[in-house]
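The values are calculated or read from the model by the stated rules, or taken from the named source; none is laboratory data. If you're wondering where the values come from, they're calculated on a predicted model, not measured in any experiment. Cβ sites come from the backbone with ideal geometry, for glycine too, and all protein chains shown count toward neighbours. Ligands, DNA and RNA are excluded from the accessible area calculation, which covers all protein heavy atoms including side chains. Shrake-Rupley method; radii C 1.70, N 1.55, O 1.52, S 1.80 Å.
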Amino acid sequence: MQTKIIYPGTFDPITNGHVDIIERATHIFSEVIVAVAASNKKNLFTLDERASLAHDALLSYKNVSVCTFDGLLIDLARERQILLILRGLRAVSDYEYELQLANLNRSMEPKIETIFLTPAEKYSYISASMVREIATLGGDTSQFVPPAVQKALQNRLK
Ligand code: ADP
């Protein structure tokens, strides 16, 4: 029985919504590996910064670790011999994209399964892109992100 799961994403930056999903997963799986994707999108934080912010935000969870990856998620999954992928679903609008991703990954690696968790309602409207937008416009993001992330946003955008 496989109980480790990989939670991949860009995490630019990690938000309270991501943390909520991770916390829920820690109660179900023996180990949650947060895999921060290099991604060629134009990110606010570098790969190392995104991983370090995630690491700091998740220090209190003993069965959570953070890694970075460059390339296909299925290659990371195969390398680690963990064929369970965790993704979050906030609303119906997430579903189509997530279904496409899950099916694509399964078509490339038939043994892979994607498991979806939903966040508490109060986190269901938080996205990293909205957080970046609010911070860029000088808004207060403290209710959306962990304290260290808020500080990093302020420093980056001042
Ligand atoms: P990506 O760029 O691959 O979509 P993200 O870092 O934005 O990666 O998100 C990673 C995963 O977390 C995705 O499955 C996304 O739907 C989910 N997610 C993002 N924000 C939230 C939130 N507020 N609540 C629950 N899940 C979320």
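Annotations for the structure displayed:
- Members of region 1-38 that are within 12 Å of the ligand (Cβ to nearest atom) and among the small types (G, A, S): G9, G17, A25, A35, A37, A38
- The residue that is farthest from the ligand (Cβ to nearest atom), counting only those in region 90-137 that are open to solvent by 60 Å² or more (accessible area, probe 1.4 Å), touching a residue at least 12 places away in the same chain (Cβ under 8 Å) and in a loop (DSSP other than H, G, I, E, B), is K111.
- For region 144-154, filtered to residues that are within 13 Å of V19 (Cβ to Cβ) and in contact (Cβ under 8 Å) with a residue 60 or more places away in the chain, the residue that is nearest to the ligand (Cβ to nearest atom) is F144.
- Against the list (1) away from the ligand (no atom under 11 Å from the Cβ); (2) under 21 Å from T136 (Cβ atoms), the condition K41 fails is (1).
- Filter result (closer than 13 Å to I5 by Cα and of a type in the set (D, E)) within region 80-124: E113
- Meets criteria (open to solvent by 20 Å² or more (accessible area, probe 1.4 Å) and more than 27 Å from A135 (Cα to Cα)) for I6: no
- Residues within region 27-48 that are buried (at least 17 other Cβ atoms within 10 Å of the Cβ) and either among the charged types (D, E, K, R) or part of a helix (DSSP H, G or I) (or both), tallied: 1
- Test: residue in region 63-71 that is within 14 Å of the ligand (Cβ to nearest atom), within 25 Å of P146 (Cα to Cα), β-branched (V, I, T) and open to solvent by 20 Å² or more (accessible area, probe 1.4 Å): yes
- Test: L86 is part of a helix (DSSP H, G or I) and at pLDDT 95 or above: no
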